[in-house]
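The values are calculated or read from the model by the stated rules, or taken from the named source; none is laboratory data. Keep in mind it's a predicted model, so treat the numbers as computed, not measured. Glycine also receives a Cβ, built like all others from the backbone with ideal geometry; neighbour counts cover every protein chain displayed.
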């Protein structure tokens, strides 16, 4: 994993990456050969941060299936769909599951792990 802070002067090469967002084609096992780019921030700030992603290139935008539900007790009024707005660690876990990657240890220190896994389908 590489962690970046916003704003960046230069975005690293994201060719062949899936950028997770809402309202895009669903992530699938067919995307397993791509990297994963996850934006972590409040909904309002994430909408600003995603603007640094070029609109052309060999990267693709993907969303997680709508049946995944967050266990995080969200209190943000600007979230477009609070139940679908997964915590970043939840989104990473779901994406890795879909892509067939190991999820070992991802949720080890997540406070709402048990609740999330209980409803994870």
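Odds and ends about this structure:
- Segments classed as helices (runs of 4 or more DSSP H), wholly inside the range 41-121, with at least 2 members that are at pLDDT below 90: 43-49
- Residue selection: residue 28 satisfies the criterion of being closer than 24 Å to residue 69 by Cβ and touching a residue at least 40 places away in the same chain (Cβ under 8 Å).
- Extreme residue, surrounded by the fewest Cβ atoms within 10 Å (Cβ to Cβ), among residues of the range 32-46 that are over 13 Å from the mean Cα position of the chain (by Cα) and over 15 Å from residue 94 (Cα atoms): 33
- Subset of the range 16-31 [surrounded by fewer than 12 Cβ atoms within 10 Å (Cβ to Cβ), on the phi < 0 side of the Ramachandran plot and outside any strand (DSSP E or B)]: 25, 29, 30
- Against the test of being free of Cβ contacts under 8 Å to residues at least 24 places away in the same chain, surrounded by fewer than 18 Cβ atoms within 10 Å (Cβ to Cβ) and under 20 Å from residue 21 (Cβ atoms), the options 88, 97 yield a single qualifying residue, 97.
- Pair list, Cβ under 6 Å, 6 or more apart: the range 1-13 residue in a loop (DSSP other than H, G, I, E, B), other residue surrounded by 10 or more Cβ atoms within 10 Å (Cβ to Cβ): 6/49; 11/52
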